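Written out below as structure tokens is the structure these notes cover.
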């Protein structure tokens, strides 16, 4: 994959591979993604299924891994994954699994292994379709993530997700009711100043109704209504974060253009807490994705968004993320591609602790990556990343110094991938 890590909160709703039926793929597109897809090997066919394995080995250096002075370290990452998809004419089913081991030679207590698995399927019912999926992910919050507080060494967390949706088509108009259940479980950071994040343990139930009217082939008007309920860990005294949430969005999805394509969703969200100590939060929310292809070898993508998230700190009641990013992909040769990216993001995390100020952080991220398709089953990447985070608030908390809120880091990584 040719991508740079954008500033983002970890408690996002999407943890799932787009190739698994029942999970919506990312809308983003680029020269690199398109050419990789067209030139990728077809996988190994076994009966009515296609198996696509991949192994990647990456080595590099991060100048400030933990958001603390003197935490530069060389690193080694080993990842392996496999995707299995049906090759049927109508219905579809897919399974994926992946594991990623990360070693930091100067900071062995920060080593971690993440993994995940997902299964999903779609049942074709003529003009209608029924989709369902399940995913489990084991991952880690890190000091350089946006909007977290008090983290030095990685904090483990796991996410279980179940979702089901039904697509109903009425000529040009379609309705898609959906339901999703998520369960988040957090652990404790390691090292000399551990912080327990079990106050973030929670479960959410999300119901949504999406309506879409096709103005012309590839172009549509979209409306979304969504309701969410969340229950936090009572054993950690976090029930004051329990909430009910309603949101509505209206927008357009324009995909028929050969030079410019875009999606724009604009709306509002209101979150009321079951605790009288927490004020209701009402905020505008939006997402605008645009893709411009000025030439056959260049693609520019831009994303601007504002969203209301669950808290990424046990000392906050919720989190509002505003972000903007732009990315340029260029094909240098038939098998050589380069990507440059820049992004800015800001998080606002209202405190849920008496006497503690709100937690705020802004991040600037820059990146560049070179991808070389060496052979049909082999590619190599060279990646550079810069990240600067500035945090304010929460000064009355008894936390490790900085805790990842204020830092500057540079990283460089060389990776080799073998796939089929």
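Before moving on, here are some points about what is shown:
- Matching residues in the range 273-295 - criterion: being surrounded by 14 or more Cβ atoms within 10 Å (Cβ to Cβ) and assigned to a strand (DSSP E or B): 273, 281, 283, 285, 286, 287, 288, 289, 290, 291, 292, 293
- Any hit, the range 124-131, residues being buried (at least 18 other Cβ atoms within 10 Å of the Cβ), over 30 Å from residue 362 (Cβ atoms) and in contact (Cβ under 8 Å) with a residue 40 or more places away in the chain: yes
- Number of positions in the range 223-240 that are at pLDDT below 90 and in contact with a strand residue (DSSP E or B) (Cβ under 9 Å, 6 or more places away or on another chain): 5
- For residue 109: the one exception among (1) modelled with pLDDT under 95; (2) touching a strand residue (DSSP E or B) at 6+ places or on another chain (Cβ under 6 Å): (2)
- Of the residues making up the range 25-47, not a single one is at pLDDT 95 or above, surrounded by 14 or more Cβ atoms within 10 Å (Cβ to Cβ) and under 20 Å from the mean Cα position of the chain (by Cα).
- Conditions (1) at pLDDT below 95; (2) out of contact with any helix residue (DSSP H, G or I) (no Cβ under 7 Å at 6 or more places or on another chain); (3) over 26 Å from residue 205 (Cα atoms); number of the one not met by residue 101: (1)
- Considering (1) assigned to a loop (DSSP other than H, G, I, E, B); (2) surrounded by fewer than 17 Cβ atoms within 10 Å (Cβ to Cβ), the lone condition that residue 314 does not fulfil carries the number (2).
- Scanning the range 213-240 for residues that are part of a strand (DSSP E or B) and closer than 30 Å to residue 279 by Cβ turns up 223, 224, 225, 226, 227, 228, 229, 230, 231, 232.
- Contacts under 9 angstrom Cβ, first residue in the range 61-86 being on the phi > 0 side of the Ramachandran plot and in a strand (DSSP E or B), partner surrounded by fewer than 20 Cβ atoms within 10 Å (Cβ to Cβ) and modelled with pLDDT of 95 or more, 6 or more apart: none
- Residue list for the range 191-212, restricted to those being assigned to a strand (DSSP E or B), in contact with a helix residue (DSSP H, G or I) (Cβ under 9 Å, 6 or more places away or on another chain) and surrounded by 17 or more Cβ atoms within 10 Å (Cβ to Cβ): 202
- Unmet requirement for residue 153, which otherwise passes all of (1) surrounded by 16 or more Cβ atoms within 10 Å (Cβ to Cβ); (2) at pLDDT below 95; (3) touching a strand residue (DSSP E or B) at 6+ places or on another chain (Cβ under 7 Å): (3)
- Restricted to the range 103-113, and to residues there that are surrounded by fewer than 18 Cβ atoms within 10 Å (Cβ to Cβ) and touching a residue at least 12 places away in the same chain (Cβ under 8 Å), the residue that is farthest from residue 46 (Cα to Cα) is 106.
The values are calculated or read from the model by the stated rules, or taken from the named source; none is laboratory data. What you are looking at is a predicted structure, and each value in this text was computed from that prediction instead of being measured. Glycine also receives a Cβ, built like all others from the backbone with ideal geometry; neighbour counts cover every protein chain displayed.
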